[in-house]
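J.: The structure under discussion is supplied below as structure tokens; questions concerning it will follow.
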Amino acid sequence: MTDQAFVTIKNAAKSYGSLEVLKDINLTVSRGQIVAIIGPSGSGKSTLLRAINELDPLSSGEVWLEDVQVNKKLPHRQYEAHVNHVRQNIGMVFQHFNLFPHLTVRGNITLAPRMLKGLSEAEADRLAEEQLAKVGLSEKIDEYPSRLSGGQKQRVAIARALAMKPKVMLFDEATSALDPELVEEVNLVMKQLAEEHMTMIIVTHEMDFAASVCDRVLFMDQGVVVEEGPPSVIFQNPAHERTRNFLRKHLSR
Amino acid sequence: MGLDFSVLPDYFGILLMGAGWTVAITVCAGILSFFGGIVFAVIALYGHWTLRLPVRGFAFLFMGTPLLLQLFLIYFGLIQIGIDLPAFVAGVIGLGLHFAVYNSELIQASILAVDKGQYEGARTLGLSRGQTLRRIVIPQAVRAVIPPMGNNMIALLKDSALVSVIGVMELTLAAQQAISRTYRPFEFYLAAAVCYYIVNLALEAGLRRLERRIAASR
């Protein structure tokens, strides 16, 4: 682990018309670091996460992954090629899994590596087996997503993202759509990734998980980072009234 | 003069051959209407205006005028500008394009109904717009559209009778030939109707099997 900046967000701002959803946000994540972004809904945390891989491009500001600017201003065609390329290094896991229902688990995992990295069928199969073993779903390789539980779907989605060997993983409320008893299996996979020093940025409503896994916690409200620090400080001794109010509501549940 | 079905067996061969041609023209036009429908739908939704406008005009023409007229135009009209198509080919093109336009409407709606998360999931992995469309969106849209498109295929089978007017020896024309020799229209039209019905049952059974097979992958 080094302290060198891995993901850097500089002066990020985004507005829809007159509505400012992100206001001058700066964030540096170093290699292997795990950062949680918490905050009330509508605080801009998902928007910030989705700006990192250009799903929701910023209005102004910069996003860097190592020494590559993700949101480089380029002519349309070059921009598309550039974005398609950097996205291969940024894995993302969504609240609603977004598995491809017309493909088996194997197809879901091997599609992008085969199309974009030119892996042979055998290589891609091996990769799928490897990644599925990691999330504990080897026996589901030939099932369609419709036959899986929510927790299993999310674990396949994680395996699919990992198969591209990303440098950083983004989690957008990965457990919010799951039944309570299925949350733990997904959390376990994420913990395992943490132990492997995967760089992760996690938008979550689960304070216990953020507290136990993350190195740093950002509390966002109304498009700004209100405060950030190690979980021990944010959760036990927050400096701001807004953070205290938010945590009171969330921890009492 | 009563009904006399005893003449039917003598003309069984002609009717069977006619039914064979009906199936052939339905299958060929069905395939053309399926792929044509996908191409038209993609152009209508994502094409450059230089492609989109002609396709829209074409769709308007095919939806707004009678199929019979379109068949006449393709078979008899095109000869004047040097395109002399065999009747079967003209029939397949006319029926195929006519139903491609209807299929395109269904596929467009179905493409637009694919969940936004599917685009995001694919784009996030690094797939381009075109790759996402080809590998993720269209396969899902086509699966969703198979039940309503099945109705179009059944309509296509029935409308294939129209190509008899340009001389394709399909079921309806075969029945007419038999009638012209026996003067027994009721018997032979009824026999042709039974043949259409049997082919239709087979088509429906095939569609149901296809629907069941793709059920898990939706």
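J.: Considering the dipole of the range B:5-216 built from charges on the beta carbon (Lys and Arg +1, Asp and Glu -1) around the Cα centre, which of B:A90, B:V23, B:F40 is farthest to its positive end?
T.: B:F40
J.: Please compute the modelled spin-label separation between B:A155 and B:L78, points set 7 Å along Cα→Cβ, answer in nm with one decimal.
T.: 2.3
J.: What residue among A:G39, A:G17, A:G136 shows peak mean-square fluctuation when chain A is described by a Gaussian network model with Cα springs under 10 Å?
T.: So, out of A:G39, A:G17, A:G136, the one fluctuating most is A:G17.
J.: Same structure again: Along the Cα→Cβ direction, 7 angstrom out, place labels at B:R208 and A:A133. What is the inter-label distance in nm?
T.: Once both label points are built, they end up 4.5 nm from each other.
J.: Okay, next question. Could you give me the ³J(HN,Hα) list for the range A:51-67, computed from phi with Karplus coefficients 6.51, -1.76, 1.60 and θ = phi - 60°, whole Hz, x at Gly and Pro?
T.: 6, 5, 10, 6, 6, 10, x, 5, 6, 8, x, 10, 10, 10, 10, 6, 9
J.: Further question: Let me see the P(r) profile for the range B:44-103: every Cα-Cα distance counted, bins of 10 Å, each bin given as a percent of all pairs.
T.: Result, from short to long distances: 22, 44, 29, 4 percent.
J.: Looking at the range B:171-218, which chymotrypsin sites (Phe, Trp or Tyr not before Pro) are DSSP coil and have at most 16 other C-beta atoms within 10 Å of their C-beta?
T.: Loop-located and lightly packed - B:Y183.
J.: With a 1.4 Å probe, how much accessible area is buried between chains B and A, both sides summed, in Å² to the nearest hundred?
T.: So the total buried area for this chain pair works out to about 2100 Å².
J.: To continue, here is another question. Using only Cα atoms and rounding to the nearest 10 degrees, what angle (0 to 90) does helix A:241-251 make with the longest principal axis of chain A?
T.: Tilt relative to chain A: about 40 degrees.
J.: Quick query: amide H of A:V93 versus all other amide H atoms, modeled in the peptide plane; which residues come in under 5 Å with a sequence gap of 5 or more or a different chain?
T.: A:L170, A:F171, A:D172
J.: Additional query: To the nearest 20 debye, what is the magnitude of the charge dipole of chain B about its Cα centre, counting +1 on the Cβ of each Lys and Arg and -1 on the Cβ of each Asp and Glu?
T.: Using only the charged Cβ atoms, the result is roughly 1000 debye.
J.: Same structure again: Between helix A:150-162 and chain A, what is the angle of the helix's C-alpha long axis to the longest principal axis, kept within 0 to 90° and rounded to the nearest 10?
T.: Roughly 80 degrees, rounded to the nearest 10.
J.: Could I ask something else about it? So how do A:55-66, B:27-38 stack up, highest first, on mean other-Cβ count within 10 Å?
T.: Answer by packing, highest mean first, reads B:27-38, A:55-66.
J.: Select from the range A:187-253 those GluC sites (Glu not before Pro) which occupy a DSSP coil region and have at most 16 other Cβ atoms within 10 Å, ordered by residue number.
T.: Answer by residue number: A:E196.
J.: Could you list which residues have their amide H under 5 Å from that of A:V21, counting only those 5 or more apart in sequence or on another chain, with H placed in the peptide plane?
T.: So A:V21 has HN proximity to A:K14, A:S15, A:Y16.
J.: Counting alpha carbon pairs within less than 8 Å and at least 6 residues apart, what relative contact order, in whole percent, applies to chain A?
T.: Relative contact order here is 25 percent.
J.: So which residue, out of B:A205, B:A161, B:A191, gets the largest mean-square fluctuation from a GNM of chain B using Cα contacts under 10 Å as springs?
T.: B:A205
J.: Just need the relative contact order of the range B:5-216 here, percent rounded to a whole number, with Cα pairs under 8 Å and 6+ apart.
T.: 32
J.: What is the diffusion coefficient of the protein assembly as shown in µm²/s, taking the Kirkwood radius over Cα pairs and the Stokes-Einstein relation at 10 °C with a viscosity of 1.306 mPa s?
T.: After rounding, the answer is 61 µm²/s.
J.: Run the dipole for the range A:105-253 about the Cα centre, Lys and Arg Cβ at +1, Asp and Glu Cβ at -1, nothing else charged, and hand back the magnitude in debye, nearest 20.
T.: 260
J.: Grab the other residues whose beta carbon is less than 12 angstrom from that of A:A133, score K and R as +1, D and E as -1, and report the net.
T.: Result for the neighbourhood of A:A133: +1.
J.: What does the accessible area per residue of chain A come to in Å², with a 1.4 Å probe and no ligands, DNA or RNA counted?
T.: It amounts to 44 Å² per residue over chain A.
J.: Got a number for carbon plus sulfur as a percent of the range B:5-216's accessible area, 1.4 Å probe?
T.: 69
J.: May I ask for the Kirkwood hydrodynamic radius of chain B, worked out over all distinct Cα pairs and given in angstroms to one decimal?
T.: Radius from the Kirkwood sum: 19.3 Å.
J.: Helix hunt in chain B: which complete DSSP H runs extend at least 30 Å axially by C-alpha with mean Kyte-Doolittle at least 1.6?
T.: B:12-46
J.: Of all alpha-carbon pairs in the range A:83-177, indicate the percentage at a distance above 17 angstrom.
T.: 45
J.: Now a separate question. So if I take the centroid of the Cα atoms in the range A:215-253 and the same for the range A:57-136, what is the distance between those two points in Å?
T.: Here the answer is 32 Å between Cα centres.
J.: So what's the angle, to the nearest 10 degrees on a 0 to 90 scale, between helix A:76-87 and the longest Cα principal axis of chain A?
T.: Helix A:76-87 sits at roughly 80 degrees to that axis.
J.: Out of the total accessible area of chain A (probe 1.4 Å, heavy atoms of protein only), what percent is carbon and sulfur?
T.: For chain A, the apolar C and S fraction of the accessible surface comes to 48 percent.
J.: Any idea what log10 I(q)/I(0) is at q = 0.12, 0.17, 0.19 Å⁻¹ for the range A:121-225, Debye with uniform C-alpha scatterers and no solvent?
T.: Log10 of I(q)/I(0), two decimals: -0.43, -0.83, -1.00.
J.: Now for a different question. Using DSSP, restrict attention to beta bridges with both residues in the range A:118-253 and report what percent are antiparallel, rounded to the nearest 5.
T.: Expressed as a percentage, antiparallel bridges in the range A:118-253 total about 50.
J.: I've got another one for you. I need the phi-derived Karplus couplings for the range B:70-84: 6.51 cos²θ - 1.76 cosθ + 1.60, θ = phi - 60°, integer Hz, Gly and Pro marked x.
T.: 4, 5, 4, 4, 6, 7, 8, x, 5, 4, 4, 9, x, 9, 9
J.: May I pose another question? With the contact rule set at Cα under 8 Å and sequence spacing of 6 or more, what percent relative contact order holds for the range A:1-135?
T.: 19
The values are calculated or read from the model by the stated rules, or taken from the named source; none is laboratory data. Everything numeric here is computed off the predicted structure, so don't read it as measured data. Cβ atoms come from the backbone with ideal geometry, glycine included; neighbour counts cover every protein chain shown. Surface accessibility is based on the protein's heavy atoms, side chains included, excluding ligands, DNA and RNA. Shrake-Rupley method; radii C 1.70, N 1.55, O 1.52, S 1.80 Å.
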